[in-house]
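Data block below; observations after.
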Amino acid sequence: MSTTIRDSACDASPAAPAKGPADVPKSLADLCSMLHQELGDKGINEMAKIDVERIKSLMESYTSDCNDWTQFSHFDEGRYTRNLVDAGNGKFNLMILCWPANVKSPIHDHAGSHCLMKVLGGDLKESRYAWPGKMGPKALMPTSLIPSVTASEPAKKEGAMNLTQETILHLDEVAYIHDKIGLHRISNPTGENSVSLHLYCPPYETCKTFDEKTSVARGSGRIVFFTEHGERKNSPCSSIMQ
């Protein structure tokens, strides 16, 4: 049964307005508009380093305000949901993910996509894993966001997945990952609801998920949205991937 839940971030006092240049996004709508301006008809992999850093800076400079994104904040008991905010230019999309307490994604790749994730409410944990055995991205797409990383850390050839890093992400913090870095899982280890904003470039519909105990990979089902532009979809929500 689907339930729309008011996020706990809305119960807190509003955050102080972001300080910075005049082009700092004042709202989620501003951020969407500015992302379109920055990206134009391009994808992140087609952009110069200074432009890529600007995309990340834009997401960091937006100060979360629940009044901006409550219309996209739709929860479903026992699983996280993907809620489309902006379909982008065909080479990126923007969505809000809603995480009930103690819910987690599977360990997964991103099908060659660049992923930027910003916490809008609550806290989330990112757990990163090395690619198992000889597996890895078929093509290491260049990205200026990871200048010191050239390959995933070696993984155990058999058995459990190799956990390489865990990070607690707090309100307004932004994380970046690409298959060149490795795999990850996002979880909500708290007793409260959490909400995150995700930019994927390019968008993708399928990926690989990995068994934590055996490292066995399998293809995901088609990834679908729980809501699009705040409206409930008739098709069931896939809980396979984020």
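The values are calculated or read from the model by the stated rules, or taken from the named source; none is laboratory data. All values reported here derive from a predicted model rather than from experimental measurement. When we count neighbours, we look across all protein chains shown, and the Cβ atoms used for this are built from the backbone with ideal geometry, even at glycine. Heads up: the accessible areas ignore ligands, DNA and RNA and are worked out on the full protein's heavy atoms, side chains in. Shrake-Rupley method; radii C 1.70, N 1.55, O 1.52, S 1.80 Å.
In contact (Cβ under 8 Å) with a residue 40 or more places away in the chain and over 18 Å from residue 25 (Cα atoms) - does that describe any residue in region 49-68? Yes, region 49-68 has at least one match. If the condition is being surrounded by fewer than 19 Cβ atoms within 10 Å (Cβ to Cβ), touching a residue at least 40 places away in the same chain (Cβ under 8 Å) and not in a strand (DSSP E or B), then region 69-86 contributes 70, 71, 77.
Could you tell me whether residue 168 is open to solvent by 50 Å² or more (accessible area, probe 1.4 Å) and within 19 Å of the chain's Cα centre (by Cα)? So residue 168 fits the description; yes.
Taking region 100-141, which residues are surrounded by 14 or more Cβ atoms within 10 Å (Cβ to Cβ) and at pLDDT below 55? Those that are surrounded by 14 or more Cβ atoms within 10 Å (Cβ to Cβ) and at pLDDT below 55: 140, 141. Look at region 188-202: where a residue is surrounded by fewer than 20 Cβ atoms within 10 Å (Cβ to Cβ) and a partner is acidic (Asp, Glu), sitting 6+ places away or on another chain with Cβ atoms under 8 Å, you get 189/123; 190/123. Just one of (1) within 16 Å of residue 175 (Cα to Cα); (2) modelled with pLDDT of 95 or more; (3) under 16 Å from the mean Cα position of the chain (by Cα) trips up residue 63, so point out which. It is condition (3) that residue 63 fails. As a summary of the residue check, residue 146 satisfies the conditions (1) open to solvent by 20 Å² or more (accessible area, probe 1.4 Å); (2) at pLDDT below 90 except for the one numbered (1).
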